[in-house]
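A.B. asks: Have a look at the structure that comes next, please.
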Amino acid sequence: MSKLFARLAAAAIVLCTAAFGAQAEQFDDGIAPSYFEAFKDKKVVFLPLAMSFDLPQVWAKGMETQAKRLGYDFSIRDPNWSGDAGAQALTTLISEKPDLLVVQNPDMQVYARLLMRAQKAGIPVIQINLKSITTTDAYVGVNWYEIGLHQAKMAVDMCSPENGGSGKIAIMQGTPTNPNNAITMTAIEDVLAENPDIKVVSSQSADWDATKAHAVASTVIKQNPDLCGYVGLWEVMDAGVAAAIREAGKTDDIALITNGGGQKPACDNIKNGTFSGYVSYDAFGQARDLTDAIAQVFQVGAKAGSQPYALYTPVKDISRDTLGPTSCWTMEDVAAAPF
């Protein structure tokens, strides 16, 4: 009897294995098999600015998770903030011919010709968050003009003499040739042109460096004791501005308006009064948009550069009045996401 039970159990295992094996075959709903086939044996390479800060880490985690789920090869070439190293890496990648390049540009010009070469070589390119003057297969990221409009309008609302402000603001730029900087500044200048009661007493560059931003802001604050607001173009750099405001004892007097990818420290800074206004472009959501763009490029299979499109990131204004439990994300949220 025990031998009979053993044989029956073994047979049941075989049947279950066969059943699960059958389930592993993708059900044909008319498109699913071709969807999964589109990723098979594909190679995707990510060229970020650097992997030392949160934005590319989030995007990379999204692609890594998707790659494991759908079966493509994913790798990173990290130029570590060097445009020259990035250009060399991109030149090498063009000769290696991966199936897709995901590129974060250091400025609007440095990779422009190389991106054109990549597409002429038949390599699709997705640009993430910082676009060059070359339009490629897809752009996923911020409409920086929209960011500038939101920040400038915040500054006007907070510092206009009509609202009790002095009308004096300062601007902390990053690198003028960067897409973020160039386009955001255009929007800010357009808004200020319509609001002549707002005077810009300083507009200087700190090269995205918090230490440089601190030194510049400290001098500007001393020279302008009635300064009402500081508009900064990236939260990491603007930590230096915040420190200068705090050291001058002006936290309640000078509004700091900045932007960023919406990680939890930003919400903490809004809650504690370090940031008066914050425009979030939600890097967590961008990671999902990026993986969706990869899926579209592989499925459509169009000639590289022939059908460009964009997925512009929705932005949201965050202040103490609008701050909520889901306003920002954490790296733990990213790790748990399926993408």
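A.B. asks: Looking at VAL110, VAL44 in this structure, which one is assigned by TED's automatic domain parsing to the domain that holds THR291 and closer than 15 Å to VAL297 by Cβ? Show your work before the answer.
C.D. replies: Numbers: VAL110 fails: closer than 15 Å to VAL297 by Cβ.
Only one candidate qualifies: VAL44.
A.B. asks: Considering only the stretch 246-284, how many residues are over 30 Å from GLY62 (Cα atoms) and in contact with a Cys (Cβ under 9 Å, 6 or more places away or on another chain)?
C.D. replies: Residues flagged as over 30 Å from GLY62 (Cα atoms) and in contact with a Cys (Cβ under 9 Å, 6 or more places away or on another chain) within the stretch 246-284 amount to 3.
A.B. asks: Can you pull out the helices (runs of 4 or more DSSP H) entirely within the stretch 28-122 that have at least 1 residues that are farther than 24 Å from ARG288 by Cα? Spell out the reasoning first.
C.D. replies: Details: elements: 32-37, 54-70, 83-96, 112-120.
In the stretch 28-122, the matching helices (runs of 4 or more DSSP H) lie at 83-96, 112-120.
A.B. asks: Need the failing condition index for THR326 against (1) at pLDDT below 95; (2) not in a loop (DSSP other than H, G, I, E, B), just the number.
C.D. replies: Looking at each condition in turn, THR326 falls short on (2).
A.B. asks: Anything in the stretch 58-88 that is buried (at least 17 other Cβ atoms within 10 Å of the Cβ) and over 13 Å from VAL44 (Cβ atoms)? List them, or say none.
C.D. replies: Those that are buried (at least 17 other Cβ atoms within 10 Å of the Cβ) and over 13 Å from VAL44 (Cβ atoms): VAL58, LYS61, ASP78, PRO79, GLY86, ALA87.
A.B. asks: Of the residues ALA170, ALA155, ALA182, ALA187, only one is modelled with pLDDT of 95 or more and surrounded by fewer than 22 Cβ atoms within 10 Å (Cβ to Cβ); which?
C.D. replies: Numbers: ALA170 fails: surrounded by fewer than 22 Cβ atoms within 10 Å (Cβ to Cβ); ALA155 fails: surrounded by fewer than 22 Cβ atoms within 10 Å (Cβ to Cβ); ALA182 fails: modelled with pLDDT of 95 or more.
Result: ALA187 is the single residue among ALA170, ALA155, ALA182, ALA187 that is modelled with pLDDT of 95 or more and surrounded by fewer than 22 Cβ atoms within 10 Å (Cβ to Cβ).
A.B. asks: Is it true that some residue in the stretch 219-235 is surrounded by 21 or more Cβ atoms within 10 Å (Cβ to Cβ), in contact with a His (Cβ under 9 Å, 6 or more places away or on another chain) and either at positive phi or assigned by TED's automatic domain parsing to the domain that holds LYS168 (or both)?
C.D. replies: Scanning the stretch 219-235, I find no residue that is surrounded by 21 or more Cβ atoms within 10 Å (Cβ to Cβ), in contact with a His (Cβ under 9 Å, 6 or more places away or on another chain) and either at positive phi or assigned by TED's automatic domain parsing to the domain that holds LYS168 (or both), so the answer is no.
A.B. asks: Being within 21 Å of SER166 (Cα to Cα), surrounded by fewer than 17 Cβ atoms within 10 Å (Cβ to Cβ) and modelled with pLDDT of 95 or more is true for just one of THR251, THR274, THR258, THR211. Which residue is that?
C.D. replies: Details: THR274 fails: surrounded by fewer than 17 Cβ atoms within 10 Å (Cβ to Cβ); THR258 fails: surrounded by fewer than 17 Cβ atoms within 10 Å (Cβ to Cβ); THR211 fails: within 21 Å of SER166 (Cα to Cα).
Result: THR251 is the single residue among THR251, THR274, THR258, THR211 that is within 21 Å of SER166 (Cα to Cα), surrounded by fewer than 17 Cβ atoms within 10 Å (Cβ to Cβ) and modelled with pLDDT of 95 or more.
A.B. asks: A further question on this structure: Please work out which one of (1) touching a Lys or Arg at 6+ places or on another chain (Cβ under 8 Å); (2) at pLDDT below 95; (3) surrounded by fewer than 16 Cβ atoms within 10 Å (Cβ to Cβ) is the condition VAL334 fails and give its number.
C.D. replies: (3)
A.B. asks: While we're here: Just to be sure I understand the filter: pairs with C-beta atoms under 7 Å, separated by 6 or more residues or on different chains, first member in the stretch 222-239 and under 16 Å from ILE188 (Cβ atoms), second member of a type in the set (Phe, Trp, Tyr) and surrounded by fewer than 24 Cβ atoms within 10 Å (Cβ to Cβ). Which pairs pass?
C.D. replies: Close Cβ pairs (under 7 Å, with a partner that is of a type in the set (Phe, Trp, Tyr) and surrounded by fewer than 24 Cβ atoms within 10 Å (Cβ to Cβ)) amount to TRP234/TRP208; MET237/TRP208.
A.B. asks: Going residue by residue through the stretch 125-145, is there one that turns out to be in the same structural domain as VAL236 (by TED's automatic domain parsing) and in contact with a Gly (Cβ under 8 Å, 6 or more places away or on another chain)?
C.D. replies: Looking for residues that are in the same structural domain as VAL236 (by TED's automatic domain parsing) and in contact with a Gly (Cβ under 8 Å, 6 or more places away or on another chain), one finds none in the stretch 125-145, hence no.
The values are calculated or read from the model by the stated rules, or taken from the named source; none is laboratory data. These numbers were taken from a predicted model, which means no experiment stands behind them. Neighbour counts are summed over all protein chains in view; Cβ atoms, including those assigned to glycine, are modelled from backbone coordinates with ideal geometry.
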